[in-house]
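Quick note: the coordinates plus some simple rules give every number you see, no bench work behind them. Computed from a predicted structure; not experimentally measured. Here Cβ is always computed from backbone atoms with ideal geometry, including for glycine, and neighbour counts include all displayed protein chains.
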Amino acid sequence: MSKEIKRIGVLTSGGDASGMNAAIRAIVRYSLYKKLEVIGFYEGYKGLISNDYTVLTGNSVGGIIDRGGTFLFTARSEDFKTKEGLATAKKNLEADNIDALVVIGGDGSFRGARDLTCLGVNAVGIPATIDNDIYGTDYSLGFDTSLNVIISLISKIRDTASSHERIFVIEVMGRNSGELAIRSSLAGGADYVLIPEIKVDLVKISNAIKNHREGKRHTLVIVAEGAAKATDVAASIKLLVEHEVRVSVLGHIQRGGSPSAMDRVLAAQFAQKAVDFLLGGGTNAMIGIQNNIITTMPFEEVLSKKKEIDRNLFELSHILAL
């Protein structure tokens, strides 16, 4: 990349995640420190195609560090997936004199950023998804906040479960990944956890619950949405255990809320690395963290590999529940 960086664009794409605003704030203020201008596109790639943007200043990002979601908003864009849409996006970036783009989002967002780099656009990605399923980074923005929200809700459900001596099946997000389910089960002291990566055996789980209920006032089962339907799990347990079962689907409440301290600090670190990476001539890569070191990884590697779950944590969750 030979072009001098003077003006940076930033957008948030895909599902929202707490920490996105903290990342935008850090990108803007660190860029200003580096004598760069920053503009923010509204509604992700949709705004990039419609050229809907605003100039971001130090004051315009004041007071957003503790807000969940994204003040630049986010949206899906089918048009951006077309050659015409990509060409329009590139044309707008050139017309706006934007030398590089920072994309905050998940793997779908990074595919879009990768496609732009194929057209000669300088782009870097910052991982933000509560699923924490992106290859190349130990943590994504929003994961820690979401995990803490879930833990708080599990504690509340345990109170009522113990009071009424009930079995609760709690569904958390995770269509393709069991990261949230495993860690919330382990940290929340749940009895069983079901994840997409490991085949669900409801008969085995139901028998285990039946054999271990003596002396217990409650039983908590965490289910990732991609592993099984919470209602189906509850129905099977009720049939085999012959005990009242309640279902709690946590839904989108897991996405919102003020970002945790970890997500805020991580957002600042990712932002600094992203800006420095672009200024150093870098492009076509994602910023991440591995073993507490802020790293970069080419989009192609990020998108071509699958992040594996920690099976030890999965097994430990069940061991400690005995």
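The 3J(HN,Hα) values that the Karplus relation (6.51, -1.76, 1.60; θ = phi - 60°) gives for segment 212-226 are, in residue order, 10, 7, 4, x, 9, 8, 8, 9, 10, 10, 9, 10, 6, 4, x Hz. Gly and Pro appear as x.
With the helix formula -39500 (n - 2.57) applied to DSSP H stretches of n ≥ 4, the chain reaches a computed 222 nm mean residue ellipticity of -13000 deg cm²/dmol. Using 0.36 nm per residue and subtracting the Cα-Cα separation, the extra length available between T295 and K210 on full extension is 25.9 nm. Less than 19 Å from a label point 7 Å out along the Cα-to-Cβ axis of K156: which backbone N atoms in segment 162-198 qualify, by residue? Answer for this model: 162-173, 181, 184-185, 187-190. As a calculated quantity, the FRET efficiency between K34 and E94 at R0 = 30 Å, using C-beta atoms, amounts to about 0.85.
Applying both filters, DSSP loop and at most 10 other Cβ atoms within 10 Å, to the GluC sites (Glu not before Pro) of segment 203-300 gives E214, E242.
Take every pair of alpha-carbon atoms less than 8 Å apart whose residues are at least six positions apart; their mean separation over the length of segment 144-255 yields a relative contact order of 38 percent. For segment 26-82, GluC sites (Glu not before Pro) meeting the loop criterion (DSSP other than H, G, I, E, B) and having at most 14 other Cβ atoms within 10 Å: E78. Among beta bridges identified by DSSP and lying wholly in the chain, the antiparallel ones come to about 25 percent. Any of K46/K81; K156/K238; K6/K34 with alpha carbons more than 18 Å apart? Name them for me. Checking Cα-Cα distances, K156/K238 exceed 18 Å.
Taking the Cα centre of segment 65-171 as reference, the dipole from Cβ charges on Lys and Arg (+1) and Asp and Glu (-1) amounts to some 140 debye. At an R0 of 41 angstrom, the distance between the Cβ atoms of R7 and I198 translates into a FRET efficiency of 0.30. Between S163 and K306, the simple label model (points 7 Å from Cα in the Cβ direction) yields a spacing of 4.2 nm.
Express in nm, to one decimal, how much length is gained between T82 and L239 on full extension, taking 0.36 nm for each residue of separation and deducting their alpha carbon distance. Don't skip to the end; give the middle numbers.
Details: separation 157, 0.36 × 157 = 56.52 nm, distance 4.96 nm.
Extending this stretch completely gives an extra 51.6 nm.
Of the trypsin sites (Lys or Arg not before Pro) in segment 7-65, the ones in a loop by DSSP (not H, G, I, E or B) with at most 15 other beta carbons within 10 Å are K34, K35. Taking amide H atoms as placed 1.01 Å from N in the peptide plane, the amide H of K307 lies under 5 Å from those of Y135, each 5 or more residues away in sequence or on another chain. Using all pairs of distinct alpha-carbon atoms, the Kirkwood hydrodynamic radius of segment 131-182 works out to 12.4 angstrom. Assuming charge only on the beta carbon of Lys and Arg (+1) and of Asp and Glu (-1), the dipole of the chain about its Cα centre is about 220 debye to the nearest 20. Taking a ≥ b ≥ c as the square roots of the Cα gyration tensor eigenvalues, segment 144-255 comes out oblate, since a/c reaches at least 1.5 and a/b does not exceed b/c. In the chain, a dipole from Cβ-located charges (positive for Lys and Arg, negative for Asp and Glu) runs towards its positive end, and of G120, L239, Y139 it is Y139 whose Cα lies farthest in that direction.
Positive end of the dipole of the chain (Cβ unit charges, origin at the Cα centre): among S162, N51, V275, the Cα lying farthest that way belongs to S162. The value for the chain of Rg(Cα) / (2.2 N^0.38 Å) is 1.10.
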